[in-house]
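The values are calculated or read from the model by the stated rules, or taken from the named source; none is laboratory data. Predicted model only: the values in this text are computed from it and were never measured. Using ideal geometry, Cβ is built from the backbone for each residue, glycine included, and neighbour counts are taken over all protein chains shown.
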Amino acid sequence: MTVTPSTPGAGALAVPAPAWFISDLHLTPGMPRTLASFEHVLERAAQEARALFILGDFFEFWVGDEETDNPFAAQVAARLRQLAQRGVKVYLMHGNRDFLLGQRFARAAGAILLPDPTVIDCAGQRVVLSHGDMLCTDDERYMRFRHWTRKRWVQRVFLSLPLTLRLRVARRLRADSEAGRTQARRDAPPDYGDTTPQAVAALLRASHAPALVHGHTHRPARHESPEGVRWVLTDWDLDGKRPRAAVLQLDASGFSVLPQVG
Ligand SMILES: [Mn+2]
């Protein structure tokens, strides 16, 4: 499958520095320490960052913007909004779990929804951002699922179903994909697909960017290839046996992983 970015060569979103990048927080009421750590990071971001990018799978799952009214999601939105009101730009990109997150939540959070991929211009660097699932092109079953579930009409049909039914479908899909993300499974290394070098190279070339930042694979690293540098963000979990949460920062001195943000 070929990757066709929606934001090719030309325009790039101008972003003030320092910019912070996080993804795959999988926020859910069942992980209170992860939420607390996120709130702590927002406090620090208000002091130290000018832009915050949340590159998908922010929530464990999202079946429609009525979820904005849930006390948990409302609290998260309120925190983000406070950050935005303190002058930090807040950007959200969809992941494979929360791709139905819409304008209603974004407005409540004072955030801007970005297409996947998006090219930014920050601290003199051109960088392409993606959640990363579209780069895992070897997983044909998932790519088919992605292809259909990103169609507007399919989403409209799904969103017209009663909320309880949508929640049931989401739970079933989660159980299918990773046996319900029990704690033991969350602490184990990921056993699903990684990005393919061809998809990464194609995206870097099409974006005319020497750097890519993505999440999704839960394999935090910095990779170099002839096409450019690829930063992979960590997922967040402060509630399990293998605590992890990190922020990637881009400023005038380049990229750096901020230690001990949680
Ligand atoms: Mn993901």
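Looking only at region 9-25, count every residue that is in a loop (DSSP other than H, G, I, E, B) and either aliphatic (A, V, I, L, M) or under 19 Å from Ile112 (Cα atoms) (or both) and tell me the total.
First, pick out the residues of region 9-25 that are in a loop (DSSP other than H, G, I, E, B): 9-12, 16-18, 23-25.
Filter once more, keeping what is either aliphatic (A, V, I, L, M) or under 19 Å from Ile112 (Cα atoms) (or both): 10-12, 16-18, 23-25.
Number satisfying all stated conditions: 9.
Output the qualifying pairs, or none if there are none: Cβ atoms under 8 angstrom, residues six or more apart or on different chains, first residue in region 109-137 and at negative phi, second residue within 16 Å of the ligand (Cβ to nearest atom) and among the basic types (Lys, Arg).
Asp133/Arg146; Met134/Arg146
Need the failing condition index for Phe38 against (1) surrounded by 22 or more Cβ atoms within 10 Å (Cβ to Cβ); (2) within 30 Å of Ala201 (Cβ to Cβ), just the number.
Failed condition: (2).
Just checking, which of Val88, Val154, Val169 is within 26 Å of Leu248 (Cβ to Cβ), among the hydrophobic types (A, V, I, L, M, F, W, C) and away from the ligand (no atom under 16 Å from the Cβ)?
Values: Val154 fails: within 26 Å of Leu248 (Cβ to Cβ); Val169 fails: within 26 Å of Leu248 (Cβ to Cβ).
The conditions single out Val88.
Only residues that are within 16 Å of the ligand (Cβ to nearest atom), in contact with a helix residue (DSSP H, G or I) (Cβ under 9 Å, 6 or more places away or on another chain) and either farther than 21 Å from Leu83 by Cα or not in a loop (DSSP other than H, G, I, E, B) (or both): list them for region 52-62, please.
Ile54, Phe59, Glu60, Phe61, Trp62, listed by residue number.
Check whether at least one residue in region 208-217 is assigned to a helix (DSSP H, G or I), of a type outside the set (S, T, N, Q), farther than 27 Å from Ala245 by Cβ and modelled with pLDDT of 95 or more, and report yes or no.
If we filter region 208-217 for residues that are assigned to a helix (DSSP H, G or I), which is where we start, we get none.
Checked against the condition, which is being assigned to a helix (DSSP H, G or I), of a type outside the set (S, T, N, Q), farther than 27 Å from Ala245 by Cβ and modelled with pLDDT of 95 or more, region 208-217 yields no hits at all.
Just one of (1) within 18 Å of Leu52 (Cα to Cα); (2) away from the ligand (no atom under 16 Å from the Cβ) trips up His223, so point out which.
If we test His223 against (1) within 18 Å of Leu52 (Cα to Cα); (2) away from the ligand (no atom under 16 Å from the Cβ), just (1) comes out false.
For Ala84, state whether it is more than 18 Å from Asp24 (Cβ to Cβ), touching a helix residue (DSSP H, G or I) at 6+ places or on another chain (Cβ under 9 Å) and not polar (S, T, N, Q).
Details: more than 18 Å from Asp24 (Cβ to Cβ): yes; touching a helix residue (DSSP H, G or I) at 6+ places or on another chain (Cβ under 9 Å): yes; not polar (S, T, N, Q): yes.
Yes: the conditions hold for Ala84.
Only one residue in Ala49, Ala73, Ala78 is under 29 Å from Gln125 (Cβ atoms) and either surrounded by fewer than 20 Cβ atoms within 10 Å (Cβ to Cβ) or more than 16 Å from the ligand (Cβ to nearest atom) (or both). Which one?
Working: Ala73 fails: under 29 Å from Gln125 (Cβ atoms); Ala78 fails: under 29 Å from Gln125 (Cβ atoms).
Of the residues listed, the single one that is under 29 Å from Gln125 (Cβ atoms) and either surrounded by fewer than 20 Cβ atoms within 10 Å (Cβ to Cβ) or more than 16 Å from the ligand (Cβ to nearest atom) (or both) is Ala49.
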